[in-house]
1. With a cut-off of at most 13 other beta carbons within 10 Å, and DSSP calling the residue loop, which chymotrypsin sites (Phe, Trp or Tyr not before Pro) in segment 83-162 qualify? Please list them.
2. Among 273-280, 256-263, how do they line up from the highest to the lowest mean number of other beta-carbon atoms within 10 Å?
3. What accessible area per residue comes out for segment 291-438, rounded to a whole number of Å², with a 1.4 Å probe?
4. How long are the semi-axes of the ellipsoid equivalent to segment 179-270, from square roots of 5 times the Cα gyration tensor eigenvalues, in whole Å, largest first?
5. Give the Debye-formula value of log10 I(q)/I(0) at each listed q (0.26 Å⁻¹), with one equal scatterer per alpha carbon of segment 80-171, two decimals each.
6. Could you provide, to the nearest whole Å², the per residue accessible area of segment 179-270 with probe 1.4 Å?
7. Leaving out ligands and nucleic acids, and using a 1.4 Å probe, what accessible area per residue does segment 80-171 come to in Å²?
8. For the chain, which whole-number percentage of the solvent-accessible area (1.4 Å probe, protein heavy atoms only) is attributable to carbon and sulfur atoms?
Amino acid sequence: MLVSPTVPLSRASCANRQNRKGGRRLQCGLDAEGAARSEDSDCSSELRGFRGDAVKDLMLRFLGEKAAAKRQVLTASSVEQSFVGLKQLISCKNWRAAVDLCGRLLTAHGQGYGKSGLPTSHTADSLQLWFVRLALLVKLGLFQNAEMEFEPFGNLDQPDLYYEYYPHVYPGRRGSMVPFSMRILHAELQQYLGNPQESLDRLHRVKAVCSKILANLEQGLAEDGTTSSIAQENRQASVQLWRSRLGRVTCSMANCLLLMKDYVLAVDAYRAVVQFHPEQEPQVLSCIGRIFLQQIGDIKAAEKYFQDVEKVTQKLDGLQGKTMVLMNRSFLHLGQNNFAEAHRFFTEILRVDPSNAVANNNAAVCLLYLGRLKDSLRQLEAMAQRDPRQHLHESVLFNLTTMYELESSRSLQKKQALLEAVASTESDCYNTHCLKLA
């Protein structure tokens, strides 16, 4: 059950509730960036509070008030009212509390709660806070709320979003105060609202700007195309930064194309990412292979890409390359419904990396499809009990509760025991749908 947001403010819409309805389907995998306004204008966006704890609500419903009272999570009020407190909330995944704290900190900047319709000035810090808040809303799946709060910023290019607009605060500084990641988020948001083509168009515009800036730098000019006497070391750092940003935009475009099921262009875009991030070639090739395997159903093409990964990873030392190769082989056998061989490779991964939750989860799924329900249950339960803080993944618990339903008429009691385990370790943003108690 999703908790309805409280502290209503201005025009913000209600939370976007998406009740996930699923039958006994197992989840394979765990996936382990205008004109100038006058001083009398309304420059502030509008905020809504997003407090609540879905885990505690379920405890009240199924375990009673006494058990629910033991549930302790950090709130916006229990941490330092600063960026330090915000980092603390985010690090322990209390994202709803972090959203609330962002609102309080923005209020201290003259924006936020109760400030709609009042004049305001932006700063680099206030825009960073806006980005964090908007990114958290997207992480929470509150896409419509994020869109509403983005709306006053327009296309993120109004004059009051530039350093030059505040010469008394930032003397001599030039350029946009908007974090680059906020521009990417603004572009990507539309695909989550059902408008992937708009996302793609926005990403193309960001890519064009990145390409132009990179071209200016490579021609010996400043980023904005003016003559510059920048030191060579600083120029190389700028070139590296903008190449990295161009790679990031390209990756976002590939993800959007994948969502649109334009697999040919998506694969081309993913391959283009490698030229900007050559160190990521094995991961990108693995990603493309899984697109062919899981989305297109072309096992031969997938196998070819996985073989390319094995050639590239021969140059790598350590655990990561070996795990990647074994994982690809496992998924290739899963795609062929060869559960025995898939299980063998997942087990081999666990020998070299016992804490690998993806391999553990999928090995249990393979056991289930091999008709070994008891063994499958034991594997998932052992993983969850061994290190609850690390292994109570939503995919793991979804599979576990599904197996409880298959195994026993006492599944409700077992689900409630899982709820107690979740309550002692998980944050305020935990997706309780995986417990299948609603």
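The values are calculated or read from the model by the stated rules, or taken from the named source; none is laboratory data. Treat the numbers as computed from the prediction; the structure is a model and nothing was measured. Counting neighbours? That spans all protein chains shown, and the Cβs are built from the backbone with ideal geometry, glycine included. Heads up: the accessible areas ignore ligands, DNA and RNA and are worked out on the full protein's heavy atoms, side chains in. Shrake-Rupley method; radii C 1.70, N 1.55, O 1.52, S 1.80 Å.
1. Passing both the DSSP loop test and the Cβ count: no residue.
2. On the way: 273-280: 14.8, 256-263: 17.2.
My ranking of the peptides, most packed first, is 256-263, 273-280.
3. It amounts to 47 Å² per residue over segment 291-438.
4. Listed largest to smallest, the semi-axes of segment 179-270 are 29, 13, 10 Å.
5. -1.43
6. Normalised by residue count, the accessible surface of segment 179-270 is 49 Å².
7. Numbers: 3770 Å² over 92 residues.
With all protein chains present, segment 80-171 gives 41 Å² per residue.
8. On the way: 10920 of 21670 Å².
About 50 percent, which is the carbon plus sulfur part of the accessible surface.
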